[in-house]
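Structure first, commentary second.
Computed from the coordinates by the stated procedures, all read-outs in this text should not be read as laboratory data. Predicted model, so just to flag it, every value in this text is computed and none were measured. Cβ sites come from the backbone with ideal geometry, for glycine too, and all protein chains shown count toward neighbours.
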Amino acid sequence: MHPIEFTDANFDEEVLKSELPVLIDFWAVWCGPCKMIAPSINELANEYEGKAKIGKVDVDNNQQVATKYGIRSIPTLLIFKDGKIVDQIVGAIPKQKIAEKLNAHLKQAVS
């Protein structure tokens, strides 16, 4: 399973209307730190299949979404739940830290 490619066109449907929590990696082809965390994002997409949506937004090709959420530096990771941002991570951080942030919102979903 690969991360979902979120775009300006599918963002509302795939992210804002999702019943699962959504982790989005805002990235660009030319971004070195984005390339550093890409393998972690790919692994998380596999590990959280069915529990959360994991995807990416190419900020160069989807400026509408990037602008709407004030993405100024990349990589920026946003976690959405029920159509709202519930967490944000800026910069390249270890996979474990990303998983911890995501898990915090998965636990809340199971009540």
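For this structure, a couple of remarks:
- Overall, the chain carries a charge dipole of about 400 debye about its Cα centre when +1 sits on the Cβ of Lys and Arg and -1 on the Cβ of Asp and Glu, all other atoms neutral.
- In sequence order, the stretch 37-54 has phi-based couplings of 8, 3, x, 5, 5, 4, 5, 4, 4, 6, 5, 9, 4, x, 9, 7, 8, 10 Hz under the Karplus curve 6.51 cos²θ - 1.76 cosθ + 1.60, θ = phi - 60°, and Gly or Pro positions carry x.
- With helices as the sole contributors, the chain gives -10500 deg cm²/dmol at 222 nm; each DSSP H run of n ≥ 4 counts as -39500 (n - 2.57), and the sum is divided by every residue.
- Based on C-alpha pairs under 8 angstrom that are at least 6 apart in sequence, the chain has a relative contact order of 35 percent.
- Contour excess over end-to-end distance, with Cα ends at ILE85 and ALA28 and 0.36 nm allotted per residue: 18.4 nm
- Each of ASN103, ILE4, SER18 was scored by the projection of its Cα onto the charge dipole of the chain, and the greatest displacement toward the positive side belongs to ASN103; charges sit on the C-beta of Lys, Arg, Asp and Glu.
- The Cα center of the stretch 1-58 and the Cα center of the stretch 77-101 differ in position by 11 Å.
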